[in-house]
Each structure stands twice: as structure tokens, then as C-alpha cells.
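Down below is the structure, laid out as C-alpha cells.
Read-outs throughout are calculated quantities, based only on the coordinates presented, and are distinct from any laboratory measurement. Just so it is clear, the model here is predicted, and its values are computed rather than measured. Neighbour counts run over all protein chains shown; Cβ positions are idealised from the backbone, glycine included.
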Amino acid sequence: MKKRIFSHDPQQGITKYWHVKDNGEYVIETVQEVEKIADANKRAANATPDKWGDVNKVASIPLSVYYELKRQGIADDPAALKKWLNDPDNRVFRTRAGRL
């Protein structure tokens, strides 16, 4: 399978690759570097006071992850998104500790 860069957005850290499969089908693969976002989220979570206010930023989700959540129907379902954000496996996306 051949793989070529289709596009690259250095600001978002998103690279799209164009694949031509052996059977002639085309696939576009999206890869996003999330380390900078994860580091910024960790700094924000550590700097956030314990007291909750009226409006609180609780997460910063990379676009590639957001689109996957949309595809799964999680991003459009407030209860499912809340559950996803409270999952310890997804804490890298949280900018605030605690439960929603």
C-alpha cells in the first residue's frame, strides 16, 4: 500500500495521508500530534482552583478525537460525553479535576 502526505497543518499538528490499497481503494488517514494539547491540559488542571464556579472549562479535545466522538455519537449526547470525560482513561483531555 502506497502512503503519501495529503495535507499537513502544523498549527493543529494534523497530517492527512493518502493511501492506495492493493485493491485500488483510496483511504485518507488522519494523524494528530496530541502531546502539546495533553501538556497544556495538565498545566491547566494543576493551576485550576478546587472551587467550581458558574462557567468552567473542563476539557480540551483535539479535533481528531472530537471527530471520532462525533462518529460514535458521543459528542452529541451530553450524558455519553459526560461519562467519556469522567473516564480515567480520558483524563489527558481534562483541564479540571473532579467529576462532571
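If a paramagnetic tag sat 7 Å from the Cα of residue 60 along the Cα-Cβ line, which residues of region 6-45 would have the backbone N under 20 Å from that point?
9-15, 31-45
Scan around residue 75 for amide H atoms under 5 Å from its own, H built in the peptide plane at 1.01 Å from N, and keep only partners 5 or more places away or cross-chain.
So residue 75 has HN proximity to 70.
Name the residue, out of 68, 25, 33, whose mean-square fluctuation peaks in a Gaussian network model built on the chain with Cα pairs under 10 Å.
Among 68, 25, 33, the largest GNM mean-square fluctuation belongs to 25.
Starting from the Cα of residue 42, step 7 Å toward the Cβ, then list every residue of region 55-79 with an amide N under 20 Å from that point.
Hits in region 55-79 for residue 42 at 20 Å: 58-63, 65.
Report the relative contact order of the chain, percent, no decimals, based on alpha-carbon pairs under 8 angstrom and at least 6 residues apart.
Relative contact order here is 23 percent.
Work out, step by step, the length gained on full extension between residue 80 and residue 97: first 0.36 nm times the residue separation, then minus their alpha carbon distance; give nm to one decimal.
Separation in residues times 0.36 nm, less the Cα-Cα distance, equals 4.3 nm.
Using R₀ = 25 Å, calculate the FRET efficiency as 1/(1 + (r/R₀)^6) where r is the Cβ-Cβ separation of residue 50 and residue 90; round to 0.05.
Details: r = 21 Å, r/R0 = 0.83.
My answer for the efficiency is 0.75.
I'd like the Karplus ³J(HN,Hα) series for region 4-15: coefficients 6.51, -1.76, 1.60, θ = phi - 60°, whole numbers in Hz, and an x wherever there's a Gly or Pro.
Coupling constants for region 4-15: 10, 5, 8, 7, 9, 10, x, 5, 8, x, 9, 10 Hz.
Connecting C-alpha atoms closer than 10 Å in a GNM of the chain, tell me which of 41, 90, 23 has the biggest fluctuation.
The residue with the greatest mean-square fluctuation here is 23.
Of the labelled options (1) 12.1, 33; (2) 16.9, 57; (3) 13.1, 40, which one gives Rg and Dmax of the Cα atoms in Å as computed for this structure?
Matching entry in (1) 12.1, 33; (2) 16.9, 57; (3) 13.1, 40: (2).
Take the alpha-carbon centre of region 3-22, take the same for region 26-79, and report the distance between them in whole Å.
Result: 22 Å between the Cα centres.
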